[in-house]
Each structure stands twice: as C-alpha cells, then as structure tokens.
Amino acid sequence: MCGIVGYLGTKEAFPILIKGLHRLEYRGYDSAGVALVDKDGNLNVYKTKGKVANLEEYCKDKDISGTVGIAHTRWATHGEPSDKNAHPHYSQSKNIALIHNGIIENYLTLKTFLISKGYEFKSETDTEVLVQLIEYMMQEHKLGLYDAVYQALSQVTGAYAIGVIERNNPNVLITARIASPLIVGVGEGEFLLGSDASPIIEYTKNVIYPEDRQVIKIERGKEIEIRSLDNEKLIKPEIKQIQLSLDDIEKGGFDHFMLKEIFEQPKSLNLCMNGRLQREQKEIILRGIQDYGERFAKARRILITACGTSWHAGLIGKYLFETLCRIPVEVEVASEFRYRNPVIYSDDVLIAISQSGETADTLAAMELAKKQGAFIYGICNVVGSSVARLTDSGTYTHAGPEIGVASTKAFTTQVCVLAMTALALAKRMKTISEEDYHRIVGELCNIETKINKILDQTEKVKDISKIFTYARNFLYLGRGFNYPVAMEGALKLKEISYIHAEGYPAAEMKHGPIALIDEEMPIVVVAPHYKMYNKILSNVQEVKARKGRIIAIVTEGDVEIRKQADYVIEIPETEECLSPLLTVIPLQLLSYYIAIAKGRDVDQPRNLAKSVTVE
Ligand code: M6R
C-alpha cells in the first residue's frame with residue numbers, strides 16, 4: 001500500500017517523480033504529493049487529495065524545479081484521504097520532508113512525547129510523527145540528517161519504507177526500510193528510489209535491494225552508504241540487475257492493464273512452465289521438489305496460507321495435493337492463521353502464496369510457522385520480495401509484473417505452479433501411475449493453446465456482460481476443483497464492478513443461498529464435464545425451477561446444461577485437475593466487461609490497492 005519514489009541526480013526531478021508515481025499508482029490512489037529542494041534552496045511540498053492526475057493538474061501552473069525530490073501515492077491507513085494527510089509531510093520547521101509506506105505502530109507514544117516538547121501536528125497520520133522525531137533528533141542531539149534518521153528509526157516500531165530530504169542539504173537523500181518494499185536504482189550520476197522497479201527501469205538497470213532494518217545515505221558524487229539498525233555496522237552495497245523491460249509495465253495497446261494481463265495468460269503460463277516442463281518427455285523438473293521432495297514426502301501435513309486471489313489458488317492446491325499426492329492439506333487465509341494460535345508441527349510444510357510477496361498477513365503467517373519449525377515453501381511472483389526471502393525454498397511464478405489491482409495472470413500461474421509441484425511430488429512419492437502422470441503433464445503442455453481458444457470468445461462474453469449490468473447480486477457456483485474458481489469469479493466481479501457476489505459450492509446452495517434466487521438473479525455455474533457433472537446438472541435444474549438466470553461455463557459439446565442455461569460459454573476439454581486454468585478465464589472476462597459497462601475504473605477500483613502491506 002502506498003508507493004514511494006525518490007530522485008537525486010542532474011536532471012529535473014519533477015517529471016521523473018510524476019512518471020514514477022503513475023507507475024506506482026496501483027499501490028494506492030487516495031492522494032499524491034511531491035517534495036523538492038529547488039535551486040534557491042527552498043524545500044517545497046505540493047500535494048493533493050485524489051489521483052496523480054489531480055496532482056499534475058494542481059502543479060501545472062507552478063514553477064517547480066529541483067534535482068532532488070521525493071514523491072508519494074497514498075492508500076490511507078491513519079487519517080482519511082485528504083490534502084493535509086497526503087505525503088510528503090514537513091517537519092515543524094519545514095526543513096525536512098518525508099514520505100512513508102507502512103505503519104508506525106508506536107506513533108501515539110511518540111506523538112505524546114513530541115507534543116510535550118512543543119511540536120504541533122498538522123495531519124492525522126502516523127508518518128508526521130516520524131518526520132518530527134527526526135527533526136527533534138537533529139535539534140536536540142545536534143545530529144546531521146543521516147544520523148538523526150538512524151536514531152529516530154531506532155525508536156520506531158512498525159513497518160516502513162521511507163524517503164527523506166532536507167532543505168539545507170540538497171545533495172542528500174536518505175532512505176530506509178523494514179517490511180515494506182524498497183529498491184534503490186544506481187544510475188550514471190543519479191539515484192532513484194521506488195517501491196518497486198517500475199519508476200527506475202527507464203533510467204538504470206542497476207539496483208540495490210535494501211534488507212530490512214537498513215538505513216541508506218545517498219549523496220551526490222559519493223558511494224552509497226548503508227548502515228544496519230541492529231549494530232551500526234557499515235554494509236557494502238550489492239548491485240544487482242533488474243530483469244524487467246518497459247514493455248512489461250506498459251499497457252501495450254490494451255485499454256487497461258487488467259485486460260492486457262488476461263490476454264497475457266498464455267504467455268505468462270509459458271514463462272511459468274519454461275525450463276520446468278519438458279514437453280517432449282512429458283516430464284516436470286522442479287528445483288524445489290528435486291531438492292526438498294523428501295521433506296514434502298515426509299510431511300505430516302501441508303498447510304497453505306495466502307490472502308484473496310492467492311488464497312483461492314491455495315484452495316485449488318488442496319485438491320491437487322490431496323488428489324495426486326495423498327498428503328492431507330489445510331488451507332487458511334493468512335490473517336486468521338496468524339492470530340488463532342494454530343497447531344503447527346515441525347514436520348509440516350507450509351506453502352505461502354503471494355503475487356506481490358509483500359502481503360503483511362501472509363508474511364506474518366510464514367514467520368509464525370517458521371518459528372514453530374515448519375518447512376516454508378513460497379510461491380510468489382516478485383523476485384527478491386519479502387516472501388521470497390523468508391522461505392526455505394520455493395518456486396517463482398514468473399508471470400511478469402501484474403499491475404491491474406484485480407489479479408488474473410497471477411492466479412493462473414499460481415495454480416500452474418501448484419499443479420507442477422503436486423505432479424512432480426506425486427511422481428516422486430509414486431502416488432500417481434506413470435500413465436496418469438504423463439497424460440496430465442502432456443495436457444499441461446496444451447493449456448496455452450486452449451486458453452487462446454477461450455480468449456477468442458471475448459466478443460461473446462462482452463455481449464453477455466452487457467445484459468447483466470443491472471444486477472445488484474450474483475451467485476457463482478462450482479464443485480470440486482471448480483468451487484474455488486467460483487469464489488475467484490465472485491471476488492473478481494465485486495472488486496472491480498462493486499456488484500455483490502458470492503462464490504458457493506453448488507450443492508450448498510440448498511442450505512441457504514437458494515432463497516436469493518428469483519428471475520432477476522444471475523447465477524454463474526462453473527460446470528465442465530467431469531465426474532460431478534450430473535450432480536451440478538441437478539443444481540442447475542434447481543436454479544432454473546426458481547427462474548434464476550444462468551450463465552454456464554461448460555465443456556465444448558455440452559448437451560444437458562446447455563438446455564437449462566440462458567447463456568453458455570464453452571471451454572475446451574482438459575484434465576479435471578487442470579480445469580481451473582481454463583474455467584477462470586471467462587469469469588475474468590465477464591467481470592472485466594461488466595465493470596467496463598458500468599463505467600468503473602477497473603485498474604484502480606475504489607478503496608483497494610494492489611499489495612496489502614498493512615494488516
Ligand atoms: O500479493 P498477494 O497475492 O499476496 O495479494 C493477495 C490479495 O491481496 C490479492 O490477491 C487481492 O485479493 C486481489 N486484489 C484480488 O484480485
């Protein structure tokens with residue numbers, strides 16, 4: 001939540017900061033702001049409620065200059081979205097400005113202390129406390145900015161990535177992090193900060209990924225200085241290369257990132273399987289299972305934890321591991337898992353799934369399980385993210401950057417990794433026959449082509465979507481492997497169209513939700529042709545008898561459900577355990593086009609942010 005950008009170099013910082021904010025806007029869009037030290041030595045802050053476009057409008061007639069600056073796009077935690085709560089925040093004397101992503105947990109204690117020392121606060125944020133504390137450290141202990149930030153952070157508990165600049169010293173930019181993402185770009189005579197690499201890649205591919213509890217001094221014409229908050233030791237910066245191109249973070253001709261990412265799924269699945277799926281031999285080679293297969297095979301249980309869409313992928317993981325490997329699996333949303341004192345055995349394997357690798361609840365759940373001795377396996381998209389760093393082993397999904405707030409390609413690549421892991425493990429444990437193994441792996445090779453076939457029906461889905469913009473509620477039904485897909489379809493619809501939707505196991509409908517059904521109610525039934533087909537057909541008939549309007553996702557050539565449904569979208573035949581990779585695609589398209597027809601901002605839906613780095 002919240003995006004931070006910083007620049008120190010020879011160019012005018014303002015356009016670079018604004019471009020960076022646009023690229024990070026998926027992280028929050030309640031307010032935006034910039035602070036720069038200009039050529040006359042003034043530290044100017046410009047900030048306003050709303051999106052980055054509002055900030056641009058607000059700044060358009062102003063004479064803004066400076067070659068050092070910081071910028072912020074906010075997802076509100078402490079204090080409502082407003083001009084005064086927007087970042088950057090000034091210190092009392094207006095000599096320092098600060099941006100912050102995260103939460104200062106002990107801000108009330110610090111605020112009381114600072115008020116007793118005569119500090120006045122202009123905002124309701126936790127962030128303003130930090131900038132005031134830095135100023136207090138400078139004045140009270142006669143420290144320079146770097147030392148003052150260091151001392152202030154030693155008193156702070158919580159999570160943060162910050163950027164700090166000072167009026168009197170336009171040659172210095174300070175940054176630091178704990179549990180919030182931060183990347184420092186090191187270019188030719190210039191340095192950049194970003195919550196991810198997107199504001200940086202246009203200028204340099206050389207970056208430093210600061211570790212937790214590091215405070216970094218960036219100074220014009222000097223080497224970067226890094227100190228650990230634990231022991232004041234100087235740390236040698238390790239420069240790495242970003243594996244990302246500009247194309248990856250642009251819309252590429254699509255109206256929205258979400259649509260681009262839906263259409264990218266064949267390619268991202270290909271990248272996900274690349275080097276892991278041997279197409280000719282119909283084999284899966286996964287490093288995690290090669291190296292740690294024994295640990296999995298001896299596991300008492302597999303625990304899966306995640307949030308949102310990643311949790312839905314985890315629910316499919318349960319079906320995969322239990323069906324193919326015969327290992328008991330428990331799946332739980334991370335926010336519940338971390339606080340309910342779960343029973344964790346040292347011979348458990350915990351799989352944490354996260355697109356961003358920065359979701360606070362997922363990280364806390366991992367830490368808890370790690371402390372209790374479980375083996376931690378991560379499935380995540382962002383290379384070098386906190387999830388990746390906390391694991392004992394894991395598999396990257398390699399979906400490429402996902403910018404639309406609604407997860408699409410992250411979901412299918414997560415399911416793909418889970419399927420590959422379960423298949424490789426099942427082979428190793430001999431819980432699957434050679435014949436079944438090769439047949440399913442062979443089918444995985446065909447998935448990209450089959451997704452393309454579904455994408456060819458986009459116009460049809462678009463037409464169906466237009467009919468249902470009136471709806472205030474939707475019910476999504478599925479069974480077995482496709483019950484989590486029903487939940488995912490419902491989540492996609494509600495988060496971008498603001499239509500209430502529920503995903504239900506189809507047979508549970510009779511135990512309550514059936515009361516909702518009338519001639520107005522759209523019901524999306526995920527009903528491909530597998531062993532539960534006749535059961536779900538009965539559920540469809542129950543809906544029809546109550547005049548519900550049925551949109552059915554069926555296997556090509558379906559006869560029976562077609563007779564009952566009002567609208568039918570076909571998916572190609574595939575193995576049941578892989579079917580979520582196909583059935584979810586029409587549901588993504590349906591939610592996208594309903595949201596578009598309702599005039600919603602699909603890439604930046606209200607109240608949401610891409611990565612939830614606060615609990
Ligand atoms: O980055 P993560 O996968 O950990 O994020 C988890 C959820 O916040 C995320 O999936 C969220 O539910 C999406 N907006 C769903 O589209």
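The values are calculated or read from the model by the stated rules, or taken from the named source; none is laboratory data. These figures come from a predicted structure and were not determined experimentally. FYI the Cβ positions are ideal-geometry reconstructions off the backbone, even for glycines, and counts take in every protein chain you see.
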Checklist outcome for this item: The condition from (1) at pLDDT 95 or above; (2) under 24 Å from the mean Cα position of the chain (by Cα) that ARG301 misses is numbered (2)
Next on the checklist: Scan the range 386-403 and tell me whether some residue there is aliphatic (A, V, I, L, M), free of Cβ contacts under 8 Å to residues at least 60 places away in the same chain and touching a helix residue (DSSP H, G or I) at 6+ places or on another chain (Cβ under 8 Å).
Outcome noted: yes
Checklist entry - Considering only the range 232-273, how many residues are more than 18 Å from the chain's Cα centre (by Cα) and over 15 Å from ARG23 (Cβ atoms)? => result 20
Checklist entry - Quick one: how many residues across the range 362-407 are within 14 Å of the ligand (Cβ to nearest atom), surrounded by fewer than 23 Cβ atoms within 10 Å (Cβ to Cβ) and acidic (Asp, Glu)? => result 0
Next on the checklist: Within the range 229-279, take every residue that is in contact with a Lys or Arg (Cβ under 6 Å, 6 or more places away or on another chain) and of a type in the set (S, T, N, Q) and give me the one that is surrounded by the fewest Cβ atoms within 10 Å (Cβ to Cβ).
Outcome noted: GLN241
Checklist outcome for this item: Over the range 413-439, the set of residues part of a loop (DSSP other than H, G, I, E, B) and either within 16 Å of the ligand (Cβ to nearest atom) or touching a residue at least 40 places away in the same chain (Cβ under 8 Å) (or both) is THR431, ILE432
Next on the checklist: Regarding the range 171-182, can at least one residue be identified that is more than 29 Å from the chain's Cα centre (by Cα) and modelled with pLDDT of 95 or more?
Outcome noted: yes
Next on the checklist: Regarding the range 333-345, can at least one residue be identified that is away from the ligand (no atom under 15 Å from the Cβ), under 22 Å from THR613 (Cβ atoms) and aliphatic (A, V, I, L, M)?
Outcome noted: no
Next on the checklist: Suppose the filter is aliphatic (A, V, I, L, M), in a helix (DSSP H, G or I) and touching a residue at least 40 places away in the same chain (Cβ under 8 Å); does ALA369 pass it?
Outcome noted: yes
Checklist outcome for this item: How many residues of the range 597-615 are in contact (Cβ under 8 Å) with a residue 12 or more places away in the chain, more than 15 Å from the ligand (Cβ to nearest atom) and not basic (Lys, Arg)? The answer is 1
Checklist entry - Counting just the residues of the range 293-318 that are in a strand (DSSP E or B) and among the aliphatic types (A, V, I, L, M), which one comes out nearest to the ligand (Cβ to nearest atom)? => result ALA306
Checklist entry - Just checking, how many residues over the range 443-501 are part of a helix (DSSP H, G or I), among the hydroxyl-bearing types (Ser, Thr, Tyr) and away from the ligand (no atom under 16 Å from the Cβ)? => result 4
Checklist entry - Which one of these does ASP196 not meet: (1) farther than 19 Å from ILE239 by Cα; (2) touching a Pro at 6+ places or on another chain (Cβ under 7 Å)? => result (1)
Next on the checklist: Residue under question is ALA410, and the condition is that it be within 16 Å of the ligand (Cβ to nearest atom), at pLDDT below 95 and assigned to a helix (DSSP H, G or I); does it hold?
Outcome noted: no
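Let's see how each residue does on (1) within 16 Å of the ligand (Cβ to nearest atom); (2) without any contact (Cβ under 8 Å) to a residue 24 or more places away in the chain; (3) within 27 Å of ALA406 (Cα to Cα):
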{"site": "PRO505", "(1), (2), (3)": "no, no, yes"}
{"site": "ALA515", "(1), (2), (3)": "no, yes, no"}
{"site": "ILE523", "(1), (2), (3)": "no, no, yes"}
{"site": "ASN539", "(1), (2), (3)": "no, no, no"}
{"site": "ILE551", "(1), (2), (3)": "no, no, yes"}
{"site": "ASP558", "(1), (2), (3)": "no, no, no"}
{"site": "GLU570", "(1), (2), (3)": "no, no, yes"}
{"site": "TYR592", "(1), (2), (3)": "yes, no, yes"}
Checklist entry - Restricted to the range 319-331, and to residues that are buried (at least 18 other Cβ atoms within 10 Å of the Cβ) and under 21 Å from LYS370 (Cβ atoms), which residue is nearest to the ligand (Cβ to nearest atom)? => result VAL331
Checklist outcome for this item: Scanning the range 520-553 for residues that are part of a strand (DSSP E or B) and in contact with an Asp or Glu (Cβ under 6 Å, 6 or more places away or on another chain) gives ARG549, ILE550
Next on the checklist: Tell me which strands (runs of 3 or more DSSP E) are completely within the range 201-262 and hold 3 or more residues being touching a residue at least 12 places away in the same chain (Cβ under 8 Å) and within 24 Å of GLY158 (Cβ to Cβ), or say none if there are none.
Outcome noted: 214-219, 225-228
Item to check | the range 318-350: number of residues that are in contact (Cβ under 8 Å) with a residue 60 or more places away in the chain and within 19 Å of the chain's Cα centre (by Cα) | outcome: 1
Item to check | Within the range 502-519, tally of residues that are surrounded by fewer than 16 Cβ atoms within 10 Å (Cβ to Cβ) and part of a strand (DSSP E or B) | outcome: 0
